[in-house]
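Asker: Let me begin by handing over the structure; questions about it come next.
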Amino acid sequence: MQLILAAIIPILLALLAGYGVGRALPRQHTRHASRLLTPLIWLLLFFCGKEFGHVLTAAAGLGQTLGTALVFALLTTLLPWGLILYCLPQPRRSKVAVQGSGASMQQLWQALRDCLLALGMVAAGVLASRYPLPWLAGVTTTQLLYVLIVLVGIDLVGVKLGGAWRAPAVMALPLLVVAGSLAGGLLAALFTGQALWTGLALSSGFGWVTLSSILVGSKLGSVYGAIALLVDLFRELIAIAMLYLVGARFSCEAIGICGATALDATLPLIRQQCGSQHVSLALISGFVLTLLSPLLIMVCLSATG
């Protein structure tokens, strides 16, 4: 228990500190802080790729890492989808309405471009791992992670939930995502031969790539850090594809599988595909999953021994 608290408390303090700073700053300054999130995430992905370079460049290691990550990503996406579909039945929009609300190819490309850029930063880090870079020697992923969490806290100040959070169905969505993801993680662990607690840790990132990869990698080593990174990248790619294909008809399910990214990365596509009336649902789901992700990861990692 002490190890769990020692790992979680700094993350929560960084998040609260960022929220406090955001409340104190004028609104225009918090917007400037929010703009730093994307380049910082890219930098973190570069460092993650640099640390996992010796894993990702080995042919055998790469194949096993990709296969394991793909199994986890598929099962931790499909089970939440099915659980939401079963527990939260929603009236489906007509075929005409669905066709009229589709996002343009440009919007789809922007979302896919962000995922491809994230993969590109990881690849750049892998290449950089072959060469000494003394000017980066003093920078660690842990330091960058805490800066990122502070910026996330600042960004949360601008989240306007209104009274939408009081609806039971709205609050049930992220909990169903958690339940489905953990169930998917257990199944994936059985299929891939991983320890059950390791499988639960790998399934608890909810798309938060940089957080999961760093936390898992620091506890279980670079191989599992690379798997965690790829699991959440694949989950985000699958979520983007599902938003584009069926998001207008299955809005709750599509928002749910976006996980923590519904708060930021996939929010523009959610607004376009699912409609502006679902923005509050996306913000609440993404917000809750963003808060739960580090807690669940650390609890699961502490149980791995």
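The values are calculated or read from the model by the stated rules, or taken from the named source; none is laboratory data. Keep in mind that this is a model prediction, so the values were computed, not measured. Note: ideal-geometry Cβ built from the backbone for every residue, glycine included; neighbour counts use all protein chains shown. Surface areas here come from the heavy atoms of the whole protein model, side chains and all, with no ligands, DNA or RNA. Shrake-Rupley method; radii C 1.70, N 1.55, O 1.52, S 1.80 Å.
Asker: Output wanted: per-residue J couplings in Hz (rounded whole) for region 138-150, from phi through Karplus 6.51 cos²θ - 1.76 cosθ + 1.60, θ = phi - 60°, x for Gly and Pro.
Answerer: Rounded to whole hertz, the list is x, 9, 10, 5, 5, 4, 5, 4, 5, 4, 4, 5, 4.
Asker: Ignoring ligands, DNA and RNA, what percent of the 1.4 Å accessible area of region 204-298 is carbon and sulfur? If you can, show how the numbers build up before the last one.
Answerer: On the way: 1620 of 2500 Å².
Percent of accessible area from carbon and sulfur atoms in region 204-298: 65.
Asker: Related question: Quick one: if the Förster radius is 41 Å, what FRET efficiency do Leu190 and Ala124 give, using the C-beta to C-beta distance and rounding to 0.05?
Answerer: On the way: r = 35 Å, r/R0 = 0.85.
My answer for the efficiency is 0.75.
Asker: Karplus couplings for region 222-237 from phi (6.51 cos²θ - 1.76 cosθ + 1.60, θ = phi - 60°), rounded to Hz, Gly and Pro as x?
Answerer: 5, 4, 6, x, 5, 4, 4, 4, 6, 4, 6, 5, 5, 4, 5, 4
Asker: Please work out how much accessible surface Arg31 shows to a 1.4 Å probe, ignoring ligands, DNA and RNA, in Å² rounded to 10.
Answerer: Around 110 Å² of this residue is reachable by solvent.
Asker: Now, a different point. How many nm separate the modelled label positions at Leu85 and Arg23, each set 7 Å beyond the Cα in the direction of the Cβ?
Answerer: 4.2
Asker: Based on Cα coordinates alone, diagonalise the gyration tensor for region 159-305, multiply each eigenvalue by 5, take square roots, and list the semi-axes in whole Å, largest first. Could the numbers behind the result be given before it?
Answerer: On the way: eigenvalues 146, 46, 34 Å².
So the equivalent ellipsoid measures 27, 15, 13 Å along its semi-axes.
Asker: Can you tell me the FRET efficiency between Leu62 and Leu291 if r is taken as the Cβ-Cβ distance and R0 is 41 Å, rounded to the nearest 0.05? Please list the in-between numbers first.
Answerer: Working: r = 33 Å, r/R0 = 0.81.
That gives a FRET efficiency of 0.80.
Asker: Let me ask something additional. Using protein chains only and a probe of 1.4 angstrom, how many square angstrom of Trp81 are accessible, to the nearest 10?
Answerer: Answer for Trp81: close to 40 Å² accessible.
Asker: Still on this model: For Trp208, what residues show an amide H to amide H distance below 5 Å, using hydrogens built from the backbone and excluding near sequence neighbours?
Answerer: The list, which skips near neighbours in sequence, is Ala260.
Asker: Hey, rough spin-label estimate for Ile9 and Leu133, points 7 angstrom out along Cα→Cβ, what's it come to in nanometres?
Answerer: Using points 7 Å along Cα→Cβ, the separation is 3.4 nm.
Asker: So the label point goes 7 Å from the Cα of Thr142 along Cα→C-beta, right? Which residues of region 210-252 then have their backbone N under 16 Å from it?
Answerer: Taking a point 7 Å out along Cα→Cβ of Thr142, the residues of region 210-252 whose backbone N falls under 16 Å are 211-222.
Asker: In whole Hz, what ³J(HN,Hα) sequence does region 246-263 give by Karplus (6.51, -1.76, 1.60; θ = phi - 60°), x for Gly and Pro?
Answerer: 9, x, 5, 8, 10, 5, 4, 4, 5, 5, x, 6, 5, x, 5, 6, 5, 7
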